[in-house]
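Have a look at the structure below, then the notes.
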Amino acid sequence: MSEYHERQYRLAREREIAARRVRQTTQEYADRYEAILSDVLAQGLEEFVQSDYTRLRNQLNNLQRELHNDPFRAREISMSIGQAIHALPRNARSIRKEVEHAEHQAYVAALKEKEEKDRQHKSHLLNVWQQELLSWNDKLSLNAVLRELNKLHATLFSNDRSVSEDDIKTALGKLKIEAEQRAHRRREQINKQSQKEASAELAQVISEDIAKNLSQEKALGLTEQLELVRRKTNDEPEKSQELLNEISKQMDTAIEEEAVRREMVKAVYKSLQEAGFHVQKPKLVKDKGKDEVLIAASRPAGNRALFQIELDGQCTYKFDNYKGQTCQKDIQQVLPKLTDIYGVDLSEARVLWSNPDDEDAEMKPIPSQTQRMNK
């Protein structure tokens, strides 16, 4: 008797395998993010991007908590903050450079010196001026109007002019509105450039992960997508982030599917060995555009078993070169072990071909139907 079966396989530990893989990968990204934020803090750059730094630090802490509870949620958080974290040091350095270039510290020192000289007759008004400036927390906007501040100061505190506290606050308030508008435009320019550089950096990280974790054939399609994203980065940095996240998800899925299949291959190999078969080393072959692993086994009497395991959850097996119904004995020795010992759930069995009597009849394969496993 010879039979040719097809069944779906699903590992009971599949979710655990996927979670372990996502947790490991996301932890690596989290470690990179932690290193970047720590470096920003160590260099004293956080004061130039305080709000962004605080927001990203809170999100990273949330990511670390979710890694233990829900690694898939942690991965979503990682994808949402990755580009912003990579861009943060560049934003901070660019803002600091502009502040230092304009000699902001020299301006503050000169302001304090002038306050000391005029303190006897203008102490209160100068204190109002200084307090207003010290409350101006956005250093980039302050830096944008240093020239105007000098002119305003000279005008307000000229010897031939009488000025009130309200005059100072009103004048500075108007100038502050203009300064914030300039700072907003400059931040957009800095952020756009930082996003371009961060996207390129993130694409390189993903490229390295693809090369490290996927075979050349499986990596080819993702690499082509990655190259397309790299060419679009200069024109659409925000769109590139979405595409990079999608490529990262596809990469994780491919790695997870391969990890599940490896577990299935191990289970089949061990089950055949325990049933007394001589099992050949599994081979990865490409058939009709699909990758599949072949596991061939035989007994000294000539009985043969062949398992074909695909990435999409399809498992096709053949037991042939048996007399009469004797192949059922071997099938019952192998298949239950897959479920009882190794946690494989075989479902939706379809007999593609059966020859119960004529052991010499030629097998005529019937086209199989591909079915997906539930994840």
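The values are calculated or read from the model by the stated rules, or taken from the named source; none is laboratory data. Note that the structure is predicted; figures quoted are calculated from it, not measured. Every residue, glycine as well, gets a Cβ built from its backbone with ideal geometry; the counts of neighbours run over all protein chains shown. For the accessible areas, the whole protein counts, side chains as well, though only heavy atoms, and no ligand, DNA or RNA atoms are used. Shrake-Rupley method; radii C 1.70, N 1.55, O 1.52, S 1.80 Å.
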- Taking the Cα-to-Cβ direction at Leu294 and at Glu148 and moving 7 Å from each Cα, how far apart do the two end points lie in nm? 7.7 nm
- Task: Rounded to the nearest 0.05, what FRET efficiency do Gln273 and Glu224 give with R0 = 41 Å and r taken as the Cβ-Cβ distance? Could you check?
- Result: 0.50
- Sequence of Lys290, Lys318, Lys97, Lys192 from largest to smallest accessible area, 1.4 Å probe: Lys97, Lys192, Lys290, Lys318
- Query: Of Lys286/Lys329; Lys218/Lys286; Lys151/Lys176; Lys212/Lys239; Lys218/Lys249, which ones are farther than 21 Å apart at the Cα?
  - Reply: Lys286/Lys329; Lys212/Lys239
- Task: Compute, for Glu34, the solvent-accessible surface of its heavy atoms (probe 1.4 Å) with the complete set of protein chains present, and express it in square angstrom to the nearest 10.
- Result: 60 Å²
- Note on the structure: The FRET efficiency for Asn69 and Glu34, from their Cβ-Cβ distance with R0 = 30 Å and rounded to 0.05, is 0.95
- Message: Within the range 119-150, name every residue whose backbone N is under 17 Å away from a label modeled 7 Å from Cα of Glu188 along the Cβ vector.
- Response: 141
- Message: Rounded to the nearest 10 Å², what accessible area does His68 have for a 1.4 Å probe in the complete protein model?
- Response: 150 Å²
- Item | Assigned charges on the beta-carbon of Lys, Arg, Asp, Glu; the range 24-180 dipole about Cα centre (debye) | 140 debye
- Query: Between Val285 and Arg55, what is the FRET efficiency for a Förster distance of 45 Å, r being their Cβ-Cβ separation, to the nearest 0.05?
  - Reply: 0.35
- Query: How would Arg57, Arg93 line up by accessible area, probe 1.4 Å, largest first?
  - Reply: Arg93, Arg57
